[in-house]
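The values are calculated or read from the model by the stated rules, or taken from the named source; none is laboratory data. Only a predicted model underlies this, so the values are computations on that prediction, with no experimental measurement involved. Neighbour counts run over all protein chains shown; Cβ positions are idealised from the backbone, glycine included. Remember, those area values only see protein heavy atoms, side chains included, never the ligands or the DNA or RNA. Shrake-Rupley method; radii C 1.70, N 1.55, O 1.52, S 1.80 Å.
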Amino acid sequence: KGMLIKMDANLCRVLDLNHITPGNKRAHVQCKMRDIRTGRLADFKFRAEEDVERATLDEHEMQVLYREGDMFCFMNTESYEQVHISREVLGDSAPYLLPEMLIKVEFYDVEPVGIDLPPTVDLKVADTSPGIKGATASAQVKPATLETGLVVTVPSFVHVGDVIRVNTETGEYLARV
């Protein structure tokens, strides 16, 4: 999941996969993939005897400069070259990006195809409802909107202005920082 593979002349990112072994037939892997260039979704069935070519990617450390609409601007920390990457290419990683953050950007030839996020990110709570006072019999949780627009479920003791640590893989609250 998350791997970039070559299918004919297209680059596809694996979004979801299931290994299926039907009764007395051969096993196969059912994949849901997105074409990087066109954004088109496709389902594909890989049999055991098929070969899949993994796309070789170059990684460059880049700094997030700013966000303009659906485009994010990144700057290479070595050459100071700037690259604009759309929200579609970033996918679910976009809500975790803050200005001045250092990120590894994956390139295929000269085309940016994705980013490698750190395991956790610290984000500020922009909006949340106040906790219910005295309701401590069970663990109280509430939704909180973070500074990037991401909505996370947090415990009742988290307030507006607090900085919290969020897991970038699952999108779950980990701790108050």
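Scanning region 54-86 for residues that are within 19 Å of Leu123 (Cα to Cα) and either among the basic types (Lys, Arg) or touching a residue at least 40 places away in the same chain (Cβ under 8 Å) (or both) gives Gln63, Arg67. Kindly indicate whether Tyr66 is on the phi > 0 side of the Ramachandran plot, open to solvent by 60 Å² or more (accessible area, probe 1.4 Å) and out of contact with any Ser or Thr (no Cβ under 9 Å at 6 or more places or on another chain). No: the conditions fail for Tyr66.
Applying a threshold of 7 Å to beta carbon distances and a minimum spacing of six or more residues, or different chains, the list of pairs starting in region 1-26 at a residue that is acidic (Asp, Glu) and ending at one that is at pLDDT 85 or above and open to solvent by 70 Å² or more (accessible area, probe 1.4 Å) reads Asp16/Lys32.
The single condition among (1) at pLDDT 85 or above; (2) open to solvent by 80 Å² or more (accessible area, probe 1.4 Å); (3) farther than 30 Å from Glu147 by Cα that Arg26 does not satisfy is (1).
Determine, yes or no, whether Ile103 is touching a Phe, Trp or Tyr at 6+ places or on another chain (Cβ under 8 Å), more than 19 Å from Lys124 (Cβ to Cβ) and not small (Gly, Ala, Ser).
Numbers: touching a Phe, Trp or Tyr at 6+ places or on another chain (Cβ under 8 Å): yes; more than 19 Å from Lys124 (Cβ to Cβ): no; not small (Gly, Ala, Ser): yes.
The answer is no for Ile103.
When region 37-55 is limited to residues that are open to solvent by less than 30 Å² (accessible area, probe 1.4 Å) and in contact with a strand residue (DSSP E or B) (Cβ under 6 Å, 6 or more places away or on another chain), the one that is modelled with the lowest pLDDT turns out to be Ala55. Restricting attention to region 140-163, the residues being in contact (Cβ under 8 Å) with a residue 24 or more places away in the chain, closer than 17 Å to Ser129 by Cα and under 18 Å from the mean Cα position of the chain (by Cα) number 4.
Return the residues of region 77-121 that are part of a loop (DSSP other than H, G, I, E, B) and farther than 21 Å from Ala175 by Cβ; say none if nothing qualifies.
Of region 77-121, the ones part of a loop (DSSP other than H, G, I, E, B) are 77-81, 97-101, 109-110, 117-119.
Passing the criteria: Thr77, Glu78, Ser79, Tyr80, Glu81, Pro99, Glu100, Asp109, Val110.
Residues Leu98, Leu102: which one is open to solvent by less than 40 Å² (accessible area, probe 1.4 Å), of a type outside the set (Gly, Ala, Ser) and touching a strand residue (DSSP E or B) at 6+ places or on another chain (Cβ under 9 Å)?
Numbers: Leu102 fails: open to solvent by less than 40 Å² (accessible area, probe 1.4 Å).
Unique residue meeting the criteria: Leu98.
Among the residues of this structure, Ile5 does not count as one that is touching a helix residue (DSSP H, G or I) at 6+ places or on another chain (Cβ under 8 Å) and open to solvent by less than 60 Å² (accessible area, probe 1.4 Å).
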